[in-house]
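These notes concern the structure reproduced below.
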Ligand code: ADP
Ligand code: MG
């Protein structure tokens, strides 16, 4: 099946996911168009990380379908490496290699996985470090960087694979308040450049400002979604309202 940009770049349809007898996703559907930014919010344990992990096939699914650029992600024949080149992911734990510099961390996957020429990779890595506003930190080791700076290196590392879609799972949740903003600015820059982004976040101000669409999940279902204005100002579901009253 060929994919064109008038179709969703990521299409999640009636996805069901269980761990043993625990049903974590009970029929979740979301369509994302190229260049869109969507935020998924909801209480802890509602299945947000599980959904994110299903999108790049780190989790399998028991029902429904997920396509990226028209290809079924859970098709056994699909090359998972090709999928993960297309879909970058950044987690709460940045897990940089501690004995490699920022630049080396960003260069590693394109060198090892894509087997691209070193000079090209280095040039791109330097540009990416600049893009995440860390110029001058190329030769710093992770231990010499703040949490927010390390997370930005992790974002650059993910971008080095030239993904079409970026997944962010609570990437600022473990950071000191003063470094949260610099990471959010980096994501905002990416969004402004047209990167398709799927974010799980508790940063409501950021979600309101950057998201095209917000989805609220509770107990494995999407109970409410909408554009930020309607979502934040006119939420109607009692679970959404209660959640928002606690976080806003
Ligand atoms: P959220 O990200 O919204 O906090 P998660 O997707 O991490 O929620 O988890 C949803 C539910 O799935 C939780 O009850 C969690 O304990 C369970 N869960 C997540 N991953 C696993 C796993 N690998 N094995 C068993 N249960 C899991
Ligand atoms: Mg989570």
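Each reported figure results from applying straightforward, stated rules to the coordinates on display, with no laboratory input. The model shown is predicted, which means the values in this text are computed figures rather than measured ones.
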* So what is the calculated 222 nm ellipticity per residue for the chain, using -39500 (n - 2.57) for each DSSP H run with n of 4 or more, over all residues, to the nearest 500 deg cm²/dmol? -> -11000 deg cm²/dmol
* Structure fact -> Mean projected area (nm²) from the convex hull of Cα positions in the chain is 13.9
* Asked: Could you give the angle, 0 to 90 degrees to the nearest 10, between helix 177-192's Cα long axis and the longest principal axis of the Cα atoms of the chain?
  -> 90
* To do: Return a whole-number percent for the relative contact order of the chain, with Cα pairs under 8 Å and 6 or more residues apart as the contact set.
  => 25
* Asked: Against the longest alpha carbon principal axis of the chain, how many degrees, from 0 to 90 and to the nearest 10, is the axis of helix 102-112 turned?
  -> 80
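I'd like the per residue volume of the convex hull spanned by the Cα atoms of region 8-92, given in cubic angstrom.
Residue-normalised Cα hull volume stands at 102 Å³.
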* To do: Find how much the distance from residue 192 to residue 58 grows on full extension, using 0.36 nm per residue of separation minus their present alpha carbon separation; answer in nm with one decimal.
  => 45.5 nm
* To one decimal place, what orientation-averaged projected area in nm² is obtained for the convex hull of the Cα set of region 126-248? -> 8.4
